[in-house]
Amino acid sequence: MTIFLDTNVVPYKSGISIRFETIQVLAQECSQDIAIPELVLRESVAHRQREIEDAFGTLRRAYEKARIYLNGIAEPNLPCSKDLAESWCCNLKEKVKIIETPKNAFEEGIFREIQRIRPTREGRGARDAVIWLTIKQAHFLSDSVNYFVSENIKDFASSDKNTLHEDLKMEIIEHPIPLIYCNSLDSLLKKIANEVKPGIDITEQLINSSDNLQEALRRAIRDNLIIREMFPALPLGKEYISSIITPSLYKVKSSATYRIGERNVVVAEINCNASFTIGVLQQSSGGGFLTLQYPADLSLYIRFWMRFENQEELPVKAEVSYINIANNTLLIY
């Protein structure tokens, strides 16, 4: 089973949304693939680069305005927008499969545009046609039910806006297995999983009691720490984390529980703190070494998911899908 995505549902404008991550988790738990046509990848990367350039342009204009009042203010040294877009592309490729464009698809896309054949309309839409031809071929090669998600209801949807257009249905009528159209990620979510309400209550006691989740939280925090950049006030020396990272003070922003067979899958986002100690190894004047210890604290935004088997009270698996370090404090004695 494969979920095919159009460009308009790929999260190129910002980070991966919690809705997109939820679908990733549920697809993984259901052994489903998420796939995008090669053209969708190219278009998404181009959109991403333009978004970055627009944001950098705003920053440069603010600099030009501020320098009138602040003599000697340094112009921001911004990275290359193309490099950032390519880095985002590499990350996206780790999350989805890329479907190659069929041979002659671009030529047929232009032909459809000329002949006003769906999904083109009024002499426009060759790009949409190429995307459709790519998904159509992949669907024919599949032996399972597939989903196609696009917010472009004018070109892909029927008059009810919830099903595939009749002309496009006729193109795949010979294939005995359906291709189910969804007009949004929310619509897809309702089709692939059943949300349980009320869901599993994500309490501080549950978070603290789950060894799987605690280890996932510590690992995610540790892997995303760049100590010297985050704590520039540290004295010179070799820095390292010298204590166990202790998450605490959890505030649940949102959570949702989904039933898949005999399992419950919970996707949640929280704010929390994390405390630990940073050690700094220095060489003493006598030629030996000494270690200085500094308590540190982080404020974090974290998304994670957990799997509960049958009626188990604690999750059998937990993973962190996103972490953002909002603030940090270092206690220098």
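Tally the residues that are hydrophobic (A, V, I, L, M, F, W, C), closer than 23 Å to Val252 by Cα and open to solvent by 70 Å² or more (accessible area, probe 1.4 Å), restricting the search to segment 168-222.
So the answer is 0.
Hey, can you tell me all the residues within segment 252-299 that are of a type in the set (Phe, Trp, Tyr), under 22 Å from Ile325 (Cα atoms) and within 30 Å of the chain's Cα centre (by Cα)? Lay out the reasoning, then the answer.
At the first step, the residues of segment 252-299 found to be of a type in the set (Phe, Trp, Tyr) are 258, 276, 289, 294.
With the extra rule that they be under 22 Å from Ile325 (Cα atoms), the set shrinks to 276, 294.
Across segment 252-299, the qualifying residue is only Phe276.
Would you confirm whether or not segment 30-39 contains a residue that is open to solvent by less than 80 Å² (accessible area, probe 1.4 Å) and part of a helix (DSSP H, G or I)?
Yes, because at least one residue in segment 30-39 is open to solvent by less than 80 Å² (accessible area, probe 1.4 Å) and part of a helix (DSSP H, G or I).
In this structure, does Lys82 turn out to be open to solvent by 60 Å² or more (accessible area, probe 1.4 Å) and either under 30 Å from Lys103 (Cβ atoms) or in contact with a Cys (Cβ under 7 Å, 6 or more places away or on another chain) (or both)?
yes
Would you be able to say whether some residue in segment 90-106 is among the aromatic types (Phe, Trp, Tyr), over 31 Å from the mean Cα position of the chain (by Cα) and either under 20 Å from Glu171 (Cα atoms) or at pLDDT 95 or above (or both)?
First, the residues of segment 90-106 that are among the aromatic types (Phe, Trp, Tyr): 106.
Those left that are additionally over 31 Å from the mean Cα position of the chain (by Cα): none.
Taking every residue of segment 90-106 in turn, none turns out to be among the aromatic types (Phe, Trp, Tyr), over 31 Å from the mean Cα position of the chain (by Cα) and either under 20 Å from Glu171 (Cα atoms) or at pLDDT 95 or above (or both).
Of the conditions (1) within 17 Å of Asn212 (Cβ to Cβ); (2) among the acidic types (Asp, Glu); (3) in contact (Cβ under 8 Å) with a residue 40 or more places away in the chain, Glu312 clears all except one; give me its number.
(3)
I'm trying to understand the selection: among the residues of segment 206-239, which are in a loop (DSSP other than H, G, I, E, B) and within 26 Å of the chain's Cα centre (by Cα)?
Ser210, Asn224, Leu225, Ile226
Name the residues in segment 270-322 that are among the hydrophobic types (A, V, I, L, M, F, W, C), part of a strand (DSSP E or B) and surrounded by fewer than 16 Cβ atoms within 10 Å (Cβ to Cβ), would you?
Scanning segment 270-322 gives Leu281, Phe289, Leu290.
Which of the residues belonging to segment 169-205 are assigned to a helix (DSSP H, G or I) and touching a strand residue (DSSP E or B) at 6+ places or on another chain (Cβ under 9 Å)? Please lay out each step first, then the result.
We begin by selecting, within segment 169-205, every residue assigned to a helix (DSSP H, G or I); these are 169-171, 185-192, 204-205.
Lys169, Leu185, Ser187, Leu188, Leu189, Lys190, Lys191, Ile192, Glu204, listed by residue number.
Among the residues of segment 135-151, how many are under 17 Å from Arg118 (Cα atoms), of a type in the set (Gly, Ala, Ser) and open to solvent by 20 Å² or more (accessible area, probe 1.4 Å)? Please lay out each step first, then the result.
Applying the first criterion (under 17 Å from Arg118 (Cα atoms)) to segment 135-151 yields 135-137, 148-151.
If we keep only those that are of a type in the set (Gly, Ala, Ser) too, we end up with 150.
With open to solvent by 20 Å² or more (accessible area, probe 1.4 Å) added as a condition, the list becomes none.
Going through segment 135-151 one residue at a time, the tally reaches 0.
The values are calculated or read from the model by the stated rules, or taken from the named source; none is laboratory data. Note that the structure is a prediction, hence the values are computed from the model and not measured. Backbone-built Cβ (ideal geometry, glycine too); neighbour counts: all protein chains shown. For accessibility, only protein heavy atoms count, side chains too; no ligands or nucleic acids. Shrake-Rupley method; radii C 1.70, N 1.55, O 1.52, S 1.80 Å.
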